[in-house]
Structures are given as structure tokens and as C-alpha cells.
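Undergrad: My questions all concern the structure below.
The values are calculated or read from the model by the stated rules, or taken from the named source; none is laboratory data. Keep in mind it's a predicted model, so treat the numbers as computed, not measured. Every residue, glycine as well, gets a Cβ built from its backbone with ideal geometry; the counts of neighbours run over all protein chains shown.
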């Protein structure tokens with residue numbers, strides 16, 4: 001049952017399907033290796049444990065990528081937009097009319113924007129907004145204080161807003177002011 | 001909490017409200033601020049938009065191929081299945097038992113000829129045939145049983 005959760009998490013973290021597959025495999029390899037130290041039984045605790053492993057694996061993969069870029073002088077995907085245009089693995093819904101098309105555009109922009117978030121912010125954002133963990137749980141999972149989680153989430157949301165404004169479909173972007181109260 | 005809030009504080013409280021219930025004072029201050037601040041209303045609206053759109057994403061499950069490759073990778077990397085070393089005393093004991101079994105089988109099967117049916121076999125020879133069949137089955141199925149048992153024991157609960 002957790003394989004779907006882990007895959008969703010790795011997809012959201014990695015930003016494209018190929019990296020997500022690498023991350024998925026790395027996560028399970030590490031989980032099997034670290035299993036004696038893992039939580040007893042299943043439930044939310046086990047899921048959090050697996051996500052912690054995935055988040056750490058993503059951190060390491062990002063580090064390796066940075067080193068590789070440094071040595072191979074690769075153009076960063078972020079600059080060329082490679083990450084954003086790679087196969088996201090996120091399912092975009094069918095084009096069932098104008099409204100759905102606009103929402104689909106928003107979702108594409110959102111996916112690109114999430115893929116461009118810096119590592120720490122992305123991890124916090126995905127754990128909060130996609131996986132639904134609380135600030136306190138995220139802090140425990142990533143080994144950072146709760147106020148830092150809130151700061152990173154705030155930064156991530158601000159950055160996403162900027163990115164969405166940049167990529168956004170402009171006047172067609174649905175307005176939700178009426179339901180925007182927190 | 002008293003006085004008015006700055007935009008940054010309202011934004012942070014907006015995010016915090018997703019995690020905990022705001023106090024009445026905080027709620028009043030936010031309402032007062034939002035009523036007068038278009039920027040913060042936009043922030044709240046965008047926040048709702050982001051959450052709503054993310055909630056609507058249909059996430060795919062991992063493909064069977066990916067799951068299969070991952071399992072194979074795990075098996076390949078696991079040291080106890082690849083090179084499980086037996087203690088020397090077990091190897092010595094198995095060798096001695098095997099040697100005794102071989103001698104016993106030779107003695108028991110000495111009187112057996114190819115034209116004898118199963119019913120004609122003496123008790124000792126019949127026991128020897130049963131032992132041979134049992135060993136053959138054990139040798140054939142033991143690796144499968146062991147691999148399955150180890151895989152179940154090592155995989156985390158949720159991954160089964």
C-alpha cells in the first residue's frame with residue numbers, strides 16, 4: 001500500500017518521472033537496509049519513516065547532481081527549463097471544456113513551479129501540501145525545528161506565487177477571492 | 001495578540017491556520033487586515049488555489065515494471081541472500097550425515113534389481129527410496145521457500 005504513497009511523494013519531489021523512479025528505488029533500497037531501525041507495524045508512523053528516507057535520498061541525489069553538473073559543466077535544467085518540460089509523471093486531467101482546460105493550465109504551471117523550488121522548500125511544501133503532514137511532523141521527519149518548517153513553507157508559497165504569476169495563463173486564471181479566506 | 005498586523009505576519013498566520021485553530025484575537029486581527037489589504041487577500045486566494053489544484057491532481061501508481069525492477073534490485077543488493085555463509089560446524093555435520101546416508105542407501109539398495117516393482121521392495125529399500133524422493137523435493141523447493149521467507153521478513157510492513 002505504501003508503494004503508491006512513496007511513488008507519489010517521489011514524483012512530487014523529483015519533478016520528473018525518470019528521477020522519481022530513481023528516487024523510488026533508492027528509497028526502498030535504503031528502507032530495506034534500515035528496516036531493523038524502522039517503526040514497528042504500519043500506519044502513519046511507517047509512512048512518515050519511509051518519507052523521511054525518501055527526503056534524505058532526494059537530498060543526496062540533488063547533491064550528486066550538483067557535483068556532476070560542476071564537473072561535466074552541464075547546463076542546469078532549471079535554467080534551460082529542462083526539469084519543467086520533462087515528463088512530470090503527474091496526471092493532467094482530460095480537456096473537458098474551457099474551465100477544465102484553464103485548471104489544467106494552472107496545474108501545469110504549478111507543477112513547473114514546484115519543480116523549481118529549492119530542495120528544502122520543496123520537501124517541506126510537498127510534505128505539507130501534497131502529503132498533508134503537520135508542521136510538527138514535518139519538523140521531526142526532516143530534523144528541523146518547527147519554526148523553520150513554517151518559514152520554509154512561507155518562502156515556498158511566496159516563490160510559487162511569483163512563479164505562477166510568471167507562467168500563469170494571465171486573465172484566464174480563475175479567481176477565487178470569494179473562497180480565499182483562510 | 002494586540003494592535004495591527006503586518007502583511008508578513010498575516011501571511012504566516014494564514015499558513016498556520018491550516019495547521020492549528022487560530023485564537024479569536026488572531027482571527028479578528030486577520031479579518032480586519034484582510035478587509036483593508038488587497039495584497040493579503042490575493043495571498044489567501046492564491047493559497048487556496050494552490051491547495052485546491054494540488055488536491056485535484058490524480059497521481060499515478062508505480063508501474064508493475066518499476067515495482068518488479070525495484071524488487072530485483074533489493075534482492076541483488078541484499079548480502080544475506082547472495083552470499084549467506086554457513087558456520088563450519090554445520091558444513092562438517094552435514095557432510096558426516098550425508099556420508100552415513102550414502103552408505104546406508106548403498107547397503108539398503110544392494111539387493112534391488114531393475115525388474116522389481118515397488119511392492120516387491122524390502123522395507124529397508126523402500127525407506128531408502130522414500131529418503132531419496134524426500135531429499136530431491138527438499139533440494140528443489142528449499143531455495144524458493146527460503147527466498148520467499150527472507151523477502152517477507154525483510155520487507156517493511158507496508159511494502160508487502
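Undergrad: In the stretch A:1-89, which helices (runs of 4 or more DSSP H) lie fully inside it and hold 3 or more residues that are under 18 Å from residue A:133 (Cα atoms) and at pLDDT 70 or above?
TA: Result: A:2-14, A:43-72.
Undergrad: Kindly list, by first and then second residue, each pair from a residue in the stretch B:112-140 that is without any contact (Cβ under 8 Å) to a residue 60 or more places away in the chain to a residue that is part of a helix (DSSP H, G or I), limited to pairs with Cβ atoms under 6 Å and residues at least 6 apart or on different chains.
TA: Close Cβ pairs satisfying both conditions: B:112/B:125; B:124/B:108; B:125/B:108; B:128/B:105; B:128/B:108.
Undergrad: Still on this structure, I have one more. Of the conditions (1) surrounded by fewer than 22 Cβ atoms within 10 Å (Cβ to Cβ); (2) at pLDDT 90 or above, residue A:152 satisfies every one except a single condition; which number is it?
TA: Evaluating residue A:152 over (1) surrounded by fewer than 22 Cβ atoms within 10 Å (Cβ to Cβ); (2) at pLDDT 90 or above leaves (1) as the failure.
Undergrad: Do we find that residue B:54 is at pLDDT below 90 and within 7 Å of another protein chain (Cβ to nearest Cβ) in this structure?
TA: Against the criterion (at pLDDT below 90 and within 7 Å of another protein chain (Cβ to nearest Cβ)), residue B:54 qualifies.
Undergrad: Would you check if residue A:29 is under 21 Å from residue A:137 (Cα atoms) and at the interface with chain B (Cβ under 9 Å from one of its Cβ atoms)?
TA: no
Undergrad: Now a separate question. Looking at (1) modelled with pLDDT of 80 or more; (2) in a loop (DSSP other than H, G, I, E, B); (3) crowded, with 20+ Cβ neighbours inside 10 Å, can you tell me which one residue A:132 breaks?
TA: Every condition holds for residue A:132 apart from (3).
Undergrad: If you go through the stretch B:18-40, how many residues are outside any helix (DSSP H, G or I) and closer than 17 Å to residue A:154 by Cβ? Talk me through it step by step, then tell me what you get.
TA: Filtering the stretch B:18-40 for residues outside any helix (DSSP H, G or I) gives B:18-23, B:37.
So of that shortlist, the ones also closer than 17 Å to residue A:154 by Cβ come out as B:18-20, B:22, B:37.
Looking only at that region, the number is 5.
Undergrad: If you don't mind, another one. When the stretch B:2-17 is examined, which residues are found to be part of a loop (DSSP other than H, G, I, E, B), surrounded by fewer than 17 Cβ atoms within 10 Å (Cβ to Cβ) and on the phi < 0 side of the Ramachandran plot?
TA: First pass over the stretch B:2-17, keeping only residues part of a loop (DSSP other than H, G, I, E, B): B:2-6, B:17.
In the following step, the residues that additionally are surrounded by fewer than 17 Cβ atoms within 10 Å (Cβ to Cβ) were identified as B:2-4, B:6.
Those that are part of a loop (DSSP other than H, G, I, E, B), surrounded by fewer than 17 Cβ atoms within 10 Å (Cβ to Cβ) and on the phi < 0 side of the Ramachandran plot: B:2, B:4, B:6.
Undergrad: A follow-up question, please. Grab the helices (runs of 4 or more DSSP H) fully contained in the stretch B:60-115, keeping just those with 3 or more residues being modelled with pLDDT of 80 or more and within 14 Å of chain A (Cβ to nearest Cβ). Quick ask: steps written out before the conclusion?
TA: Numbers: elements: B:64-77, B:79-82, B:88-108.
Where helices (runs of 4 or more DSSP H) fall fully within the stretch B:60-115 and carry at least 3 residues being modelled with pLDDT of 80 or more and within 14 Å of chain A (Cβ to nearest Cβ), they are B:64-77.
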